[in-house]
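Presented below is the structure to which this report refers.
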Amino acid sequence: MLKFDRNPDSFIYRHRRLLFLLFLVVVIPLAVCLIWWLTSPANSPASLVKRTFMQDITALDSAVSRLQTDIRRKQPAAIQQSFKRARLAYKRVEFISAYYSPETTRALNGANIPDVDDDLRVNQPQGFQVLEEMVFPEVAADAYPDMLETASALRANVHRLRKISETNELTDSHIFDAMRLEVFRIVSMGITGFDSPVAFHSLPEVASALMGMQRQLAHFGVGSGDNVLTAQLDSTFRAAIGYVARSRDFNAFDRLVFIKNYANPLSSRLLDVQKALNIPVFTEKRLLSASARTLTEPDAFNANYFINFEEQSMTADRIALGKMLFFNPVLSNNSGRTCATCHQPDKAFTDGEPKSFAIGFNGMRISRNAPTLLNASFQAVQFADSRVTFLEDQASDVIRNPDEMHGSLPEAVAALQKQPESRQLFEAAYSDGVTESNLKNAIASYIRSLSSLDSRLDRHFRGPDHMLTVEEESGFNLFMGKAKCATCHFFPLFNGTVPPAYLETESEVLGTPATAEGKTVDPDVGKFVLTRREPHRYAFKTPTVRHVALTAPYMHNGVFRTLEEVVDFYDQGGGNGLGFNLDNQTLPFDKLSLSDSEKRALVAFMKIL
């Protein structure tokens, strides 16, 4: 135990008052300042993340500036390298940029196709993907003015990102949410080549995005070694980055292994660390649950999300009522027609016809192929031309259509009110009994209950067991890579609902032929009928590929009888590969050059869904 030196000749004794004064005046204030600095909001993890983010935006700006300089100097090799460096810099900021500034992010790195907004304005594409097609595989000698203009717009959007970001206040919860969504973006888009379709620079860009997040996590103590859980997270990041960095060939990259062994553990541990740090996890309603550990867990997606009002959510009573109505001819004025006429459960709720027979079965057919109703709840719009938003509206549209149900909602309600058993089912499900609104919602509730995300592929990702054959594994990797299927049929829903926000469902222009001979494009102009905008001519909603083995024939007009024919069509480059010369085709028209064994593997994979 220390004892005060009371020797009158000692230095401490002689200067004790001065030392005490120094302690009061210097040491205590310094300690207070240190505590204040450590606990100051300006030095909180979120503030440090923002500070690093702003520095990374400056680095992105410098990289784009260098790209502009190389374009002005007309140095092809330098332009390609500068482009790659600039997008690597973009990937380091992507997880925060996409989360807080989605519109600016789309301008920076959106798809190279015109966009028709909600006001039906046609917005031309801009950003990295537009520039990429001018720069790769070779720099177009006649494109320098366009390249310079695109690069200038790109830099302007970087400045816009900086300006917007200056006033954004980051929070710990939002940062962790953004990081997990970035992992999901990497899984569903990054490794598929979605935003590097020509340069095939996706894997280095994935590594850059992962390194950007890992660097920001250091502000939360991840990687310091002070905590087992944070050390595990840091190790998982390093393992994922290492696996991607070792993969030099885009086509040969094993996406199945990456998702199961690296990405899924990464998103799971991000959630675990967030909870361990007592950072709240959002509970808000989304299609993809805010608390989803991975994209492949059973309850990751909420079939109740795309509803108009909360009171329209599914219940067991409403599902039972909807099922009764689905098979009830009362909706077609007792003509014998039911919803199940065209949506048969044993055919994944399709009917096996190229185009469904019109009412009366007099040889006439309706205009399009009957789509599966399985997983229809995971789409933001309904019908092949996306003409309605909610399943309730789809039900009423079909009931009233003279070629489909040729029924009447008021007459169906009147008939059901006269049936004691039906009236009892309505009263159990709704406080106001039999109404048109409740009838539509009951049918929609039954359709929403038809969610099915438990294929052998899903079980492969969820458990330790190996569930796929070598050929099926190859097919998955082709689907997610070389064959480019997953750039439109997004993992894991395999439909057109765009990850990781899952708020909109895309339509694509494929150039589907009128007949199997492939001589002319099908005359059905799809979404163009609604919008009258050229980007939508021949555009159709991207359907799910799940349960596709049961939903033949294929395409909106049922032109292809087998999956093999569908794969051949895509392999040739869609309609433009057949010579249709559609200016607005969104499907890449270059040939995929798939071998016969690769085509068989693709089909084998799709059949397990």
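The values are calculated or read from the model by the stated rules, or taken from the named source; none is laboratory data. Just so it is clear, the structure is predicted and the values come from calculations on it, not from any experiment. Here the Cβ positions follow ideal geometry from the backbone for every residue, glycine too, while neighbour counts run over all protein chains shown.
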Cβ contacts < 7 Å: first residue surrounded by 14 or more Cβ atoms within 10 Å (Cβ to Cβ), restricted to the stretch 57-76; second residue of a type in the set (Ser, Thr, Tyr) and in a helix (DSSP H, G or I), any location; separation 6+ or different chain. Result? Ile57/Ser165; Leu60/Tyr90; Arg66/Ser82; Leu67/Ser82; Gln68/Ser152; Asp70/Ser82; Ile71/Tyr144
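Every residue, every condition in (1) surrounded by fewer than 20 Cβ atoms within 10 Å (Cβ to Cβ); (2) under 23 Å from Met189 (Cβ atoms), yes or no:
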residue: Met211; (1), (2): yes, yes
residue: Asp226; (1), (2): yes, no
residue: Val244; (1), (2): no, yes
residue: Leu266; (1), (2): no, yes
residue: Lys275; (1), (2): yes, no
residue: Phe282; (1), (2): yes, yes
residue: Phe309; (1), (2): yes, no
How do the helices (runs of 4 or more DSSP H) wholly within the stretch 498-609 filter down when requiring 3 or more residues that are among the small types (Gly, Ala, Ser): which remain? 574-577, 596-607
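So that you can scan it fast, the table gives a plain yes or no per residue for (1) without any contact (Cβ under 8 Å) to a residue 60 or more places away in the chain; (2) surrounded by 22 or more Cβ atoms within 10 Å (Cβ to Cβ); (3) polar (S, T, N, Q):
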position: Gly511; (1), (2), (3): no, yes, no
position: Leu530; (1), (2), (3): no, no, no
position: Pro535; (1), (2), (3): no, no, no
position: Asp590; (1), (2), (3): yes, no, no
Just checking, how many residues over the stretch 402-444 are within 20 Å of Gln379 (Cβ to Cβ) and modelled with pLDDT under 95? 1
For the stretch 166-200, what are the residues that are surrounded by fewer than 20 Cβ atoms within 10 Å (Cβ to Cβ) and touching a Lys or Arg at 6+ places or on another chain (Cβ under 9 Å)? Asn168, Glu169, Pro197
The stretch 327-347: number of residues that are crowded, with 21+ Cβ neighbours inside 10 Å and within 34 Å of the chain's Cα centre (by Cα): 3
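Could you name every one of the helices (runs of 4 or more DSSP H) located completely within the stretch 1-116 that has at least 1 residues being farther than 30 Å from Ala539 by Cβ and at pLDDT 95 or above? Break it down into steps so the answer makes sense when it comes.
Values: elements: 11-14, 16-22, 28-39, 45-73, 76-100, 102-109.
Counting at least 1 such residues, we get 45-73, 76-100.
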Mind telling me which of the residues Arg92, Arg106, Arg155 ends up being in contact with a strand residue (DSSP E or B) (Cβ under 9 Å, 6 or more places away or on another chain) and either within 30 Å of Asn168 (Cα to Cα) or aromatic (Phe, Trp, Tyr) (or both)? Arg106
For the stretch 246-258, how many residues meet the condition of being over 12 Å from Val206 (Cβ atoms) and surrounded by 15 or more Cβ atoms within 10 Å (Cβ to Cβ)? 2
Applying the selection to the stretch 249-272, what residues are in contact (Cβ under 8 Å) with a residue 40 or more places away in the chain and either charged (D, E, K, R) or over 18 Å from Leu295 (Cα atoms) (or both)? Phe250, Asn251, Phe253, Asp254, Arg255, Lys260, Arg269, Asp272
Can we say Asp254 is over 21 Å from the mean Cα position of the chain (by Cα) and of a type in the set (Asp, Glu)? no
Filter result for Phe128 (in contact (Cβ under 8 Å) with a residue 60 or more places away in the chain, touching a Leu at 6+ places or on another chain (Cβ under 7 Å), within 29 Å of Leu170 (Cα to Cα) and buried (at least 21 other Cβ atoms within 10 Å of the Cβ)): yes
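Each row is one residue, and each column tells you yes or no for (1) loosely packed, with under 15 Cβ neighbours inside 10 Å; (2) among the aliphatic types (A, V, I, L, M).
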position	(1), (2)
Arg87	no, no
Val93	no, yes
Ile96	no, yes
Tyr100	no, no
Ala107	no, yes
Ala111	no, yes
Asp118	yes, no
Met134	no, yes
Ala140	yes, yes
Would you mind stating whether Lys355 is more than 24 Å from Pro402 (Cβ to Cβ), basic (Lys, Arg) and outside the structural domain of Tyr554 (by TED's automatic domain parsing)? no
